[in-house]
Amino acid sequence: YSFSYQQCCRDSTIDNIVQPENTAFFLRAKLNNTLGPNTSPEFFGLPRFKFYNNIVSHHNGMAAFEPDGDSIWYKIISAKDSAGKNVTYASGYSATQPFPSQFPFQQGISPTQPGKYTVVIEAAEHRFDTLFAIWPEIGNTVREITFFVEDTFPGNVVSTAFGGVATIDTIRNVHCND
């Protein structure tokens with residue numbers, strides 16, 4: 001089974017997609033129940049979507065769980081348009097390098113330029129097939145997020161609530177119109 005949703009259009013101020021205001025977004029999930037009962041991966045709650053220039057972060061809020069206990073493999077994929085085709089990225093950007101960064105996106109997040117950037121993560125579910133000794137993909141879910149990168153790090157949002165480790169409240173002062 002394949003489930004999809006589309007809506008026009010993206011925020012006109014997104015920096016990494018050509019003409020985002022004229023580009024619809026498309027999300028899909030796939031479910032294969034030929035190896036028995038199955039559910040698709042589900043992303044946990046709200047993702048982290050606010051970052052600061054030259055502050056190293058990790059993919060907080062991108063994790064998913066799979067109720068059946070199957071393995072989840074993550075990958076960065078291209079944003080899709082209303083036809084399910086890859087969008088056109090602005091010069092210097094791609095699905096795997098969605099914003100200027102100190103190092104590749106897969107190694108963490110360290111933006112070097114303020115802006116709004118579309119990032120798409122796929123959580124693909126795999127189940128071990130004992131008959132053929134392989135891990136076929138049996139479902140997937142896609143999450144598209146707009147990352148807001150600001151130039152200045154506000155000092156009043158740092159907390160040491162988690163065992164003395166500095167964390168950042170990324171929900172404050174962020175307004176989404178979707």
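Observations on the structure shown:
- Taking a straight line from the alpha carbon of LYS50, these lysines sit under 21 Å away, with near neighbours fewer than eight places off in the same chain left out: LYS75, LYS116.
- 3J(HN,Hα) couplings calculated from phi for the stretch 82-99 with the Karplus curve 6.51 cos²θ - 1.76 cosθ + 1.60 (θ = phi - 60°) are, in sequence order, 4, 8, x, 8, 4, 6, 8, 7, 5, 3, x, 10, 7, 4, 8, 9, x, 7 Hz; Gly and Pro show x.
- Integer Hz, Karplus 6.51/-1.76/1.60 couplings in order for the stretch 120-125, x for Gly and Pro: 10, 10, 10, 9, 9, 9
- Whether the stretch 29-136 is rounded, prolate or oblate, judged on the alpha carbon gyration tensor where a/c under 1.5 counts as rounded: prolate
- Magnitude of the charge dipole for the stretch 65-120, about its Cα centre and with charges confined to Cβ atoms of Lys, Arg (+1) and Asp, Glu (-1), is about 320 debye.
- Accessible area expressed per residue, the stretch 5-98, with surrounding protein chains retained (probe 1.4 Å, Å²): 54
- Average Cα contact separation per residue, the stretch 1-40, under 8 Å, 6 or more apart, as relative contact order %: 42
- Amide hydrogen neighbours beyond the local backbone of ASN16, cut-off 5 Å, H modeled: THR118
The values are calculated or read from the model by the stated rules, or taken from the named source; none is laboratory data. Here the structure is a predicted model, which is why all the values come from computation and not from measurement. Note that each Cβ is placed from the backbone with ideal geometry, even for glycine, and that neighbours are counted across all protein chains shown. The area values use the complete protein model at the heavy-atom level, side chains included, leaving out ligands, DNA and RNA. Shrake-Rupley method; radii C 1.70, N 1.55, O 1.52, S 1.80 Å.
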